[in-house]
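K.L.:
Quick one: the structure is below, and I'll ask about it shortly.
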Number of protein chains: 2
Amino acid sequence: MATIRDVSKLANVSVATVSRVINQSGYVNEVTEKAVRQAMETLSYVPSDMARSLAGKKSATIALIVPDILNPFFPELARAVEDAAHQLGYTVILCNSDHDPEKERNYFGMLKNKRIDGIIVASYTIHPQQLLELQRQSIAAVVIDNHFPSHPILALQSKNREGAVMAVRHLLDRGCTTIAHISGPLEILPSRERLLGYELVMREHGMFAPSLIAEGDFHVEGGYRAMQELLKLHPDIDGVFAGNDLMAIGALKALYIAGKAVPQDVKLIGFDGIALATVVPELSTIAQPIAEMGKLATHYLMRQIRNEPVECKTHELDVRLLVRQSTTD
Amino acid sequence: MATIRDVSKLANVSVATVSRVINQSGYVNEVTEKAVRQAMETLSYVPSDMARSLAGKKSATIALIVPDILNPFFPELARAVEDAAHQLGYTVILCNSDHDPEKERNYFGMLKNKRIDGIIVASYTIHPQQLLELQRQSIAAVVIDNHFPSHPILALQSKNREGAVMAVRHLLDRGCTTIAHISGPLEILPSRERLLGYELVMREHGMFAPSLIAEGDFHVEGGYRAMQELLKLHPDIDGVFAGNDLMAIGALKALYIAGKAVPQDVKLIGFDGIALATVVPELSTIAQPIAEMGKLATHYLMRQIRNEPVECKTHELDVRLLVRQSTTD
DNA sequence: TTGAAAGCGGTACCAA
DNA sequence: TTGGTACCGCTTTCAA
């Protein structure tokens, strides 16, 4: 591999000059520049990211921290982030936090050490202090699906509450009168927001009852169990709003086994809009703009990295109601 | 952040000595070592990966190239790779190749440049030359789901043909007599292997007919279309072996729409054993040990990185038949 | 057993 | 506009 020195020799200039044309910084004569570029070309020279980052520049690497890439929501996010990053010449390090603060700290250490330029955090367990700490080390950070209103941290979030409202209203429109909710883990902010949206509409219609709510785990299994419990308490349930699509799938299974036909007996709607909601019957859902979130997060991150002005607030994204078979007779 | 020089000063030794204790290389007096460790401790010193890799050591980073992390097979693989790597102090860069040779080359360039220690390639479009080229730059490589018998490249593969045989035999056992196959893209090796396994058994039983085979794309959509075509030609199909689970889900939808009950009218089996085959009815499948593949690949890669002896051949992994609802009355 | 010093491949400041 | 050169933080001969 050719080095900057090889280039400088071939072009008969100093390394400083070569560095200048590489970075388009400082003055450099057109003729000289041409010569340098020529030399780079013939040596098929590529500056070493390693060396650049050591010398204080950026590493052209960002990290994406997700709870678990196995959850189908995150591959979609990862894909969008990776695409956007790659387009900008960045490389993405993937981290699975498993909601484990210990593991998270561990990652943060590794990443700091690697002089990562920035981090996108889609893990619910981080503490705002950790992000601020990063920023102090001039590592940019963007948070997804969480927010820290009292800290200068850029966050991205779907309109969870509004989405929940849309979901429940949709079930009401379809004629449901006994609507249950399978919530996500309540220590997770979006779960609480969705629950709140549900509660809001139910109270509006005088239909609210705590026993219509069961807490799941954002996984198929938890949705399944929650649905079973709910059916035990309320065999007359005719509408279910699940806090995410995976739990909706679990609920679907439970309903199927209980002999309830979807959507004839029970209408079911999820949240997220993950691609694999391609089950039979197809799942109605509140779709988050996952890909857009990833793209936006990456762009905001880049802005921070380049010290361009960005508002460090929570940016909210619109969700859409996707009506499919599970709520349509 | 403390540097090696800070440590050396505090411990009253040279940086060389500190380096020695860090790397456990060369001789160093016990007392001195203790002092150095003490100093590292009090400064909570962590050596910079950047600097180390620049100085010629390893970057403690590997890359995983997949066609598309959106395909549920790959998150499982990625998760296993990341876990194994993380445990060994390595960081994983994720790349989506999209089967695009151009993009692949691009990634290879970036990765070489970043002095990545090794690459796990689960992309079907790479050329063996590219891998050899890497090895020449002393970047380790392991290939998944592909193999290059005539090159010294370490590969990992499931027993695709055997798996296909198991699948078809299972359908026969269940009493199927008209068994169709939805194959993956035939330019992909595992697709061909699975097709071969299917063909083998069908011929054995004098049931083979080319029109019972339709080519899909490894995605839900392609499985759906292929199933529709097959039904047109053979309304009497009573068994389907799909080349992967996603296509099986597509087939399931097509069957459902065509009014065929699964498993009563048609028995259906997939391949891969991805977690989200949790549709209703649950899909029978030939499960690949995806997590194990990821783990093994990572370990083999590490071996190569550390110049430990490894056989650069294709290692084959066993698959298992998972009987679930889609083939059980 | 230890230390001095020459890189690794760049960046950037200061002179020329 | 250019070039010289001192780093960035660590590894690794080579001598002492």
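K.L.:
Please identify the pairs in which a residue from segment A:182-200 that is in contact (Cβ under 8 Å) with a residue 60 or more places away in the chain and over 19 Å from residue A:143 (Cβ atoms) has its Cβ atom under 7 Å from the Cβ atom of a residue that is surrounded by fewer than 22 Cβ atoms within 10 Å (Cβ to Cβ) and charged (D, E, K, R), counting only partners at least 6 apart or on another chain.
P.N.:
Between residues of segment A:182-200 that are in contact (Cβ under 8 Å) with a residue 60 or more places away in the chain and over 19 Å from residue A:143 (Cβ atoms) and residues that are surrounded by fewer than 22 Cβ atoms within 10 Å (Cβ to Cβ) and charged (D, E, K, R), the close pairs are A:183/A:215.
K.L.:
While we're looking at this one, here's another question. Does residue B:257 satisfy the condition of being under 21 Å from residue B:202 (Cβ atoms) and either β-branched (Val, Ile, Thr) or surrounded by fewer than 24 Cβ atoms within 10 Å (Cβ to Cβ) (or both)? I'd like the intermediate steps shown before the answer.
P.N.:
Details: under 21 Å from residue B:202 (Cβ atoms): no; either β-branched (Val, Ile, Thr) or surrounded by fewer than 24 Cβ atoms within 10 Å (Cβ to Cβ) (or both): yes.
No, not satisfied.
K.L.:
With segment A:1-119 as the region, which helices (runs of 4 or more DSSP H) entirely inside it contain at least 3 residues that are closer than 26 Å to residue B:47 by Cα and away from DNA strand C (no atom under 14 Å from the Cβ)?
P.N.:
Working: elements: A:4-11, A:15-23, A:30-43, A:49-54, A:73-87, A:101-113.
Counting at least 3 such residues, we get A:101-113.
K.L.:
Also: Of the residues B:150, B:123, which single one is away from chain A (no Cβ under 13 Å), on the phi < 0 side of the Ramachandran plot and either surrounded by 18 or more Cβ atoms within 10 Å (Cβ to Cβ) or not small (Gly, Ala, Ser) (or both)?
P.N.:
Values: B:150 fails: either surrounded by 18 or more Cβ atoms within 10 Å (Cβ to Cβ) or not small (Gly, Ala, Ser) (or both).
From the options B:150, B:123, the qualifying one is B:123.
Here is a yes/no grid of residues against (1) without any contact (Cβ under 8 Å) to a residue 60 or more places away in the chain; (2) assigned by TED's automatic domain parsing to the domain that holds residue A:117; (3) acidic (Asp, Glu); (4) away from DNA strand D (no atom under 12 Å from the Cβ):
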position	(1), (2), (3), (4)
A:30	yes, no, yes, no
A:34	yes, no, no, no
A:37	yes, no, no, yes
A:40	yes, no, no, yes
A:43	yes, no, no, yes
A:52	yes, no, no, no
A:56	yes, no, no, no
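K.L.:
Given the condition farther than 30 Å from residue B:55 by Cβ, away from chain B (no Cβ under 14 Å), within 9 Å of DNA strand D (Cβ to nearest atom) and at pLDDT below 95, answer yes or no: does some residue in segment A:10-27 qualify? Steps first, please.
P.N.:
Let us first name the residues in segment A:10-27 that are farther than 30 Å from residue B:55 by Cβ, namely A:27.
From what's left, away from chain B (no Cβ under 14 Å): A:27.
Now restrict to residues that are within 9 Å of DNA strand D (Cβ to nearest atom): A:27.
Among the residues that remain, those that are also at pLDDT below 95 are: A:27.
Yes; the residues of segment A:10-27 include at least one that is farther than 30 Å from residue B:55 by Cβ, away from chain B (no Cβ under 14 Å), within 9 Å of DNA strand D (Cβ to nearest atom) and at pLDDT below 95.
K.L.:
For segment A:34-80, how many residues are more than 10 Å from chain B (Cβ to nearest Cβ) and aromatic (Phe, Trp, Tyr)?
P.N.:
Residues in segment A:34-80 being more than 10 Å from chain B (Cβ to nearest Cβ) and aromatic (Phe, Trp, Tyr): 2 in total.
Each row is one residue, and each column tells you yes or no for (1) in contact (Cβ under 8 Å) with a residue 60 or more places away in the chain; (2) in the same structural domain as residue B:183 (by TED's automatic domain parsing); (3) touching a helix residue (DSSP H, G or I) at 6+ places or on another chain (Cβ under 6 Å); (4) under 25 Å from residue B:290 (Cβ atoms).
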residue	(1), (2), (3), (4)
B:212	no, yes, no, no
B:217	no, yes, no, yes
B:228	no, yes, yes, no
B:232	no, yes, no, no
B:235	no, yes, no, no
B:243	yes, yes, yes, yes
B:247	yes, yes, yes, yes
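K.L.:
Turning to a different aspect of this structure: Looking at segment B:81-106, which of its residues are surrounded by fewer than 21 Cβ atoms within 10 Å (Cβ to Cβ), touching a residue at least 40 places away in the same chain (Cβ under 8 Å) and within 11 Å of chain A (Cβ to nearest Cβ)?
P.N.:
B:83
K.L.:
Given the structure, is residue A:313 of a type in the set (D, E, K, R) and outside the structural domain of residue A:141 (by TED's automatic domain parsing)? Even if it seems obvious, please write down each step before you answer.
P.N.:
Values: of a type in the set (D, E, K, R): yes; outside the structural domain of residue A:141 (by TED's automatic domain parsing): no.
It is false that residue A:313 is of a type in the set (D, E, K, R) and outside the structural domain of residue A:141 (by TED's automatic domain parsing).
K.L.:
For the subset of segment A:127-145 comprising residues that are under 14 Å from the mean Cα position of the chain (by Cα) and farther than 14 Å from residue A:312 by Cβ, which member is modelled with the lowest pLDDT?
P.N.:
The qualifying residue modelled with the lowest pLDDT is A:145.
The values are calculated or read from the model by the stated rules, or taken from the named source; none is laboratory data. Treat the numbers as computed from the prediction; the structure is a model and nothing was measured. Because the Cβ atoms are built from the backbone with ideal geometry, glycine has one as well, and the counts that use them run over all protein chains shown.
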